[in-house]
Structure formats: structure tokens, C-alpha cells
Amino acid sequence: MGNQTIGLMVEAADKTGLLHLLTGVIARRGGDIVSVEILENRPTDARTYFEIALPGSPEELVEDLRSLPIVRRVEVVKTLATIYGKRIIIMGGGAQVGQVAIGAVSEADRHNIRGEHISVDTIPLVGEQKLADAVRAVARLPRAKAIVLAGSLMGGEIEAAVREVRQAGLLVISLNMAGSVPDAADLVVTDPVQAGVMCVMAIADTAKFDLERLKRRVF
């Protein structure tokens, strides 16, 4: 039997070394931790979410975790990838972000009905350094596949950040704006609604759309 990826929610008494104890049990059962997030870390209790690639069924791992004196509850849950799937991050000026989101949400709905899992996140931001920091942070977000930069003027440090995250494998789509960011992006789209649509099409497994086959990169 091959590995299956499971979601595991663990509630335990908070203490120094809690994560070490939990991961030690997971490792002994042959689990490969795909991601981990500390959802709550209060003096009295802690909630930790794991996504684990696990050989065989999770029952033995769950029982081992429950046997720890500090553990109060262990629950197997659906993974975030199963529920929310691939993530698109739209950032920039509020008006442009909203228009891109209209296209992205409408197109994602069409593909999600057919079995795809795509979610859309937005963050209105202004300022070169804030946007550059946000672009770089997307590379650290779980399941993030693409960024849409929506604004009127972006360049400088934002351009450098775009080139960095593209090297990390993220797709970057830019509106056709002033500044050097369009030159650094994978695709430049003038209409914000269409930018959202094309971004979803580019990452959806249920779409026959390949950026590599486009004869031009500015629309």
C-alpha cells in the first residue's frame, strides 16, 4: 500500500518540547510531515495541525499519539489541499484587486464544479516595500501556485521579488501597468477581470491552457 496524505489535529497541554514529542511519534510510525501549523499556543493548551504522508492506515499513529499523557484529543481530518486546493493570491490596489477577484472567482467556480480545488485570496496593499515583502511571503504560503499583481505602478524592489518567486516555481501575472514589474512577470494582461480568469485557467488541471504555448505574453 502506498503512502496516503492525512490531516491530523492534535490538542494537548502546552509545554516546552511538545512539538518534539509529537513529531517523534509520527516519525516512529514512518510518517513524513508535509506541513505543520500551530493553530493555538496558550499556557493551558495547544492545537497543532499536521499534514502527514503515511504508509498504511492512520489508526496506529492516532493511538500512539493519544497514549501520550499530555495529549487530550487527536482527530483525523481532511487535508487543506483536499478542501481548499491550489491558492491564487491577488495583491495591489483595492479597486484593481477587486476586479481581478471577480474574474478569478467566477472562473474558479466553473472548474471547482468539475472537481478542481482552487481558492482565491486577496490583499489590498500600497507601497513598494510592503508589496515586495508580500510577494516574497507567497513563496512561504502552503499550496500557493500563482500571484496576480494588480495596480497602476509597480517596480523596483517589487520587480526583484517577482523574479525571486518565479525562480521558486510560482506563476506571476501582472496587469499592464507602469513600472518594471510587467517585464518580470510570466504574463501581462490589460483587463483585470481577464487576468483573474487566465490565472485560474493557467493552474487548473481541468483547463486546456498552457502558457508555454502562447505566442505572446502581453494581452
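Is there any pair linking a residue in the range 112-135 that is surrounded by 15 or more Cβ atoms within 10 Å (Cβ to Cβ) to one that is of a type in the set (A, V, I, L, M) and part of a loop (DSSP other than H, G, I, E, B), with Cβ under 7 Å and at least six apart or on different chains, and which?
Glu116/Ala204; Ile118/Ala204; Leu131/Leu125; Leu131/Met154; Ala134/Leu125
List the residue pairs whose Cβ atoms are under 8 Å apart, where the first residue sits in the range 11-35 and is under 12 Å from Pro69 (Cα atoms), the second is exposed (fewer than 13 other Cβ atoms within 10 Å of the Cβ), and the two are 6 or more positions apart or on different chains.
That search, which allows pairs on different chains as well, returns Glu11/Arg73; Ala13/Thr44; Asp14/Asn41; Asp14/Arg42; Asp14/Pro43; Asp14/Thr44.
Filter the range 69-102 for residues that are in a strand (DSSP E or B) and of a type outside the set (A, V, I, L, M); which is nearest to the chain's Cα centre (by Cα)?
My answer is Arg87.
Could you look through the range 132-146, keep only residues that are farther than 11 Å from Leu170 by Cβ and touching a strand residue (DSSP E or B) at 6+ places or on another chain (Cβ under 7 Å), and pick out the one that is modelled with the highest pLDDT?
Ala134
If I filter the range 105-127 for residues that are modelled with pLDDT of 90 or more, within 30 Å of Val10 (Cβ to Cβ) and touching a Phe, Trp or Tyr at 6+ places or on another chain (Cβ under 7 Å), do I get at least one hit?
Among the residues of the range 105-127, at least one is modelled with pLDDT of 90 or more, within 30 Å of Val10 (Cβ to Cβ) and touching a Phe, Trp or Tyr at 6+ places or on another chain (Cβ under 7 Å), which makes the answer yes.
Looking only at the range 1-52, count how many residues are assigned to a strand (DSSP E or B) and among the charged types (D, E, K, R).
6
Please pick out the residue among Val126, Val193, Val189, Val135 that is under 27 Å from Ser35 (Cβ atoms) and out of contact with any Ser or Thr (no Cβ under 6 Å at 6 or more places or on another chain).
On the way: Val126 fails: under 27 Å from Ser35 (Cβ atoms); Val193 fails: under 27 Å from Ser35 (Cβ atoms); Val189 fails: under 27 Å from Ser35 (Cβ atoms).
Result of the check over Val126, Val193, Val189, Val135: Val135.
What number of residues in the range 184-213 are loosely packed, with under 13 Cβ neighbours inside 10 Å and either of a type in the set (Lys, Arg) or farther than 24 Å from Ser119 by Cβ (or both)?
4
Please determine, by comparing only the residues of the range 65-109 that are among the basic types (Lys, Arg) and in contact (Cβ under 8 Å) with a residue 12 or more places away in the chain, which one is surrounded by the fewest Cβ atoms within 10 Å (Cβ to Cβ).
So, considering only residues that are among the basic types (Lys, Arg) and in contact (Cβ under 8 Å) with a residue 12 or more places away in the chain, the one surrounded by the fewest Cβ atoms within 10 Å (Cβ to Cβ) is Lys78.
The values are calculated or read from the model by the stated rules, or taken from the named source; none is laboratory data. For clarity, every value in this text was computed on a predicted model and none was experimentally measured. Here the Cβ is made from the backbone with ideal geometry for all residues, glycine too, and neighbour counts use every protein chain on show.
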